[in-house]
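The values are calculated or read from the model by the stated rules, or taken from the named source; none is laboratory data. Bear in mind that the values here come from a model prediction, so they are computed numbers and not experimental data. Neighbour counts run over all protein chains shown; Cβ positions are idealised from the backbone, glycine included.
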Amino acid sequence: MTLPRPVLTPETFAQSSRAWRRDHHRNYLVMYSSVWQAFSTTPELWALPPDDHMAHRGDGVFESFKIVGGRAYCLEEHLERLRNSAAALSIALPHDFGDTLPLLKAAWHLGGIDDFTCRICVSRGPGSFTVNPYDSTGPEYYMVTLRLGRPAPDAYERGVSIRTAPFPAKSEFAGIKSCDYLHNVLVKKFAKDFGADYAVSFDSEGFLTECPTENIAVVTKSGELLAPTWNRILRGVTLSRVMDLAGGLVRAGTLKTVLNEDIHRDRLWDVMGEAFLTTTSFDVMPVTEWDGRPVGSGRPGPVARELLRLVAEEYASDGPHTTWLKDWPEGLWRKATPQAAPRAGSRSKRVRPASRTGAAGRRNP
Ligand SMILES: Cc1ncc(COP(=O)(O)O)c(C=O)c1O
C-alpha cells in the first residue's frame, strides 16, 4: 500500500518540520518546555504533547508579561496571578515554576534582544485525552518569548474604537487566567467583523466588565476614575498599576478619586467623560469612539495620556516593579556559559538552567 504521506522517524522529523517555517516565526525567540527540560530557538520544532489537557481541553493557566530594555515589568505581580489562577483550578505548580527567573534570564540571553514578551503556561499535563483532570501525569511548564509587538504610535494619538459585544461577559471564571479563551475569542471576532478595534462586554446584570484581553476604565465628567469591581473581571496587572499611579493624580487635584465601582450600561453615557483600555502589550489606550459615538471630545483624554506616560516611566526605571534580567547571578552564569560574560545581543547554544533553587520573581538581585 502507498501511504498518502510519509511516516516520520526521529531522524526525518526535524527536516520535515523545517519545511513548515512561516513568516510569523520571525517574531518567535525561545521556548522552554519542562517536557524537554530544555530550550529551543527553532520555532518550527516547538510543540506541546497533544494529550496535554491544556491542548485538548483548555485545562491550563497562563501569564504574559513584557521585558523592556532588559527589565521585566511587574514580574512578581504576574507570577502571583499565575499562582492564584493555578490554585483556583487545583493545578499544582510544577517544579520549574520555582526556576522562573533563571529560566527567563536564560531565555533573554538566548533570544538576544532586550525588548520582548514572555508567556508562561502551566498546564494540567499530559495523560489520556479525557476531560478528567485526574488522568494527567502531572503539571507541565512552558515558557515562550516573542518579539515585543507595539501598536502604531499614532494609535495613541487617534485613540481606538470599541463596540459593545452582543453576548454577556465571561461570568464567574473571569478572574482566572485560564487557557479557556473561547469567550474572549468570540468577542474579538465580533469586534473585527463589525470593524471596531475592540469589543467590550457587559455582564448579565448590565454592568461593564472588560474586553477580550484588555481591561477598561472610565473617567467620569466629575473627575472620578472608575474601574469595574475585581470580581467581574480579570484583575489586570496594568490596571492595578494604573489605579495606583492615578493616586498621584488625585493628590495633584487632576482626579477627584480612584475607585473600583461598577457602572451600569443605563448610566454609562450620562457619566462618561473619558475612557481607556489597559493591558500589558500597549499599557494605556484612549477610547475615542464607542458604538459609533464619540467618547468625551472624541479625542484622547488627558487622564489616559498622563497614565500612559507614568506607566512607561515606571517600566523604564529601577523601581520595585521592575526586575533586571542582566543581573545574572555569578554562579549561574559561570555554569551556563563557562567562556563568556553576560552581554545583551549575544547568543549561546550552551545555556541551560543550572539552578533548581532560583527565586522566581526576585527583584533587582
Ligand atoms: C481577559 C483579560 N482582561 C484583562 C487583561 C489585561 O491584563 P494585564 O494588564 O495584566 O495584561 C488581559 C490580558 O491578557 C486579559 O486576558
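Taking the criterion of being under 14 Å from I176 (Cα atoms) and surrounded by fewer than 19 Cβ atoms within 10 Å (Cβ to Cβ), would at least one residue in the stretch 98-121 satisfy it?
Checking the stretch 98-121: not a single residue is under 14 Å from I176 (Cα atoms) and surrounded by fewer than 19 Cβ atoms within 10 Å (Cβ to Cβ).
Conditions tested, residue by residue: (1) within 16 Å of the ligand (Cβ to nearest atom); (2) free of Cβ contacts under 8 Å to residues at least 60 places away in the same chain; (3) at positive phi; (4) of a type in the set (F, W, Y).
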| site | (1), (2), (3), (4) |
| --- | --- |
| E11 | no, yes, no, no |
| Q15 | no, yes, no, no |
| A19 | no, yes, no, no |
| V30 | no, no, no, no |
| A38 | no, no, no, no |
| E44 | no, yes, no, no |
| H53 | no, no, no, no |
| I67 | yes, no, no, no |
| A72 | yes, no, no, no |
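Which residue pairs have Cβ atoms under 6 Å apart, sit 6 or more places apart or on different chains, and have a first residue in the stretch 92-115 that is within 18 Å of W324 (Cβ to Cβ) and a second that is in a helix (DSSP H, G or I) and not polar (S, T, N, Q)?
P102/L332
Within the stretch 283-304, identify whether any single residue is surrounded by fewer than 17 Cβ atoms within 10 Å (Cβ to Cβ), modelled with pLDDT of 95 or more and either within 15 Å of the ligand (Cβ to nearest atom) or within 24 Å of the chain's Cα centre (by Cα) (or both), and answer yes or no.
no
Considering only the stretch 205-219, how many residues are more than 19 Å from L186 (Cα to Cα) and near the ligand (Cβ under 9 Å from one of its atoms)?
The total comes to 0.
When V219 is evaluated against the numbered criteria (1) over 22 Å from the mean Cα position of the chain (by Cα); (2) surrounded by fewer than 20 Cβ atoms within 10 Å (Cβ to Cβ), which criterion, by number, is the only one it fails?
(2)
Could you say which residue among L249, L225 is crowded, with 20+ Cβ neighbours inside 10 Å, in a helix (DSSP H, G or I), more than 19 Å from the chain's Cα centre (by Cα) and more than 11 Å from the ligand (Cβ to nearest atom)?
Just one listed residue meets the conditions, L249.
Quick grid of which residues meet (1) within 16 Å of the ligand (Cβ to nearest atom); (2) in a loop (DSSP other than H, G, I, E, B):
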site	(1), (2)
P6	no, yes
F62	yes, no
R81	yes, no
N84	yes, no
L104	no, no
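Filter the stretch 261-281 down to the residues that are surrounded by 18 or more Cβ atoms within 10 Å (Cβ to Cβ) and farther than 15 Å from L226 by Cα and list them by number.
Within the stretch 261-281, T279, T280 meet the criteria.
Output the residues belonging to the stretch 8-48 that are of a type in the set (V, I, T) and in a strand (DSSP E or B).
If the condition is that a residue be of a type in the set (V, I, T) and in a strand (DSSP E or B), then V30 is the only one that fits.
As an exercise: evaluate L234 against (1) within 20 Å of the chain's Cα centre (by Cα); (2) assigned to a helix (DSSP H, G or I); (3) among the hydrophobic types (A, V, I, L, M, F, W, C) and give the number of the one condition it does not meet.
It fails just one condition, (2).
Can we say P126 is closer than 23 Å to I216 by Cβ and either in a loop (DSSP other than H, G, I, E, B) or of a type in the set (G, A, S) (or both)?
No, not satisfied.
Table: residues versus (1) in contact (Cβ under 8 Å) with a residue 60 or more places away in the chain; (2) under 12 Å from I162 (Cα atoms); (3) more than 14 Å from the ligand (Cβ to nearest atom).
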{"position": "H183", "(1), (2), (3)": "no, no, no"}
{"position": "L186", "(1), (2), (3)": "no, no, no"}
{"position": "A191", "(1), (2), (3)": "no, yes, no"}
{"position": "Y198", "(1), (2), (3)": "yes, yes, no"}
{"position": "D203", "(1), (2), (3)": "no, no, no"}
{"position": "K221", "(1), (2), (3)": "no, no, yes"}
{"position": "R232", "(1), (2), (3)": "yes, no, no"}
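Please verify whether the stretch 236-244 includes one or more residues that are without any contact (Cβ under 8 Å) to a residue 12 or more places away in the chain and either in contact with a strand residue (DSSP E or B) (Cβ under 8 Å, 6 or more places away or on another chain) or more than 16 Å from the ligand (Cβ to nearest atom) (or both).
Here is the first cut: in the stretch 236-244, the residues without any contact (Cβ under 8 Å) to a residue 12 or more places away in the chain are 244.
This time we only want the ones that are either in contact with a strand residue (DSSP E or B) (Cβ under 8 Å, 6 or more places away or on another chain) or more than 16 Å from the ligand (Cβ to nearest atom) (or both), so: none.
Checking the stretch 236-244: not a single residue is without any contact (Cβ under 8 Å) to a residue 12 or more places away in the chain and either in contact with a strand residue (DSSP E or B) (Cβ under 8 Å, 6 or more places away or on another chain) or more than 16 Å from the ligand (Cβ to nearest atom) (or both).
Of the conditions (1) more than 26 Å from W324 (Cα to Cα); (2) in contact (Cβ under 8 Å) with a residue 24 or more places away in the chain, D23 fails just one. Which one is it?
Against the list (1) more than 26 Å from W324 (Cα to Cα); (2) in contact (Cβ under 8 Å) with a residue 24 or more places away in the chain, D23 comes up short only on (2).
How many of the residues making up the stretch 205-219 are in contact (Cβ under 8 Å) with a residue 60 or more places away in the chain and touching a helix residue (DSSP H, G or I) at 6+ places or on another chain (Cβ under 8 Å)?
Selection size over the stretch 205-219: 7.
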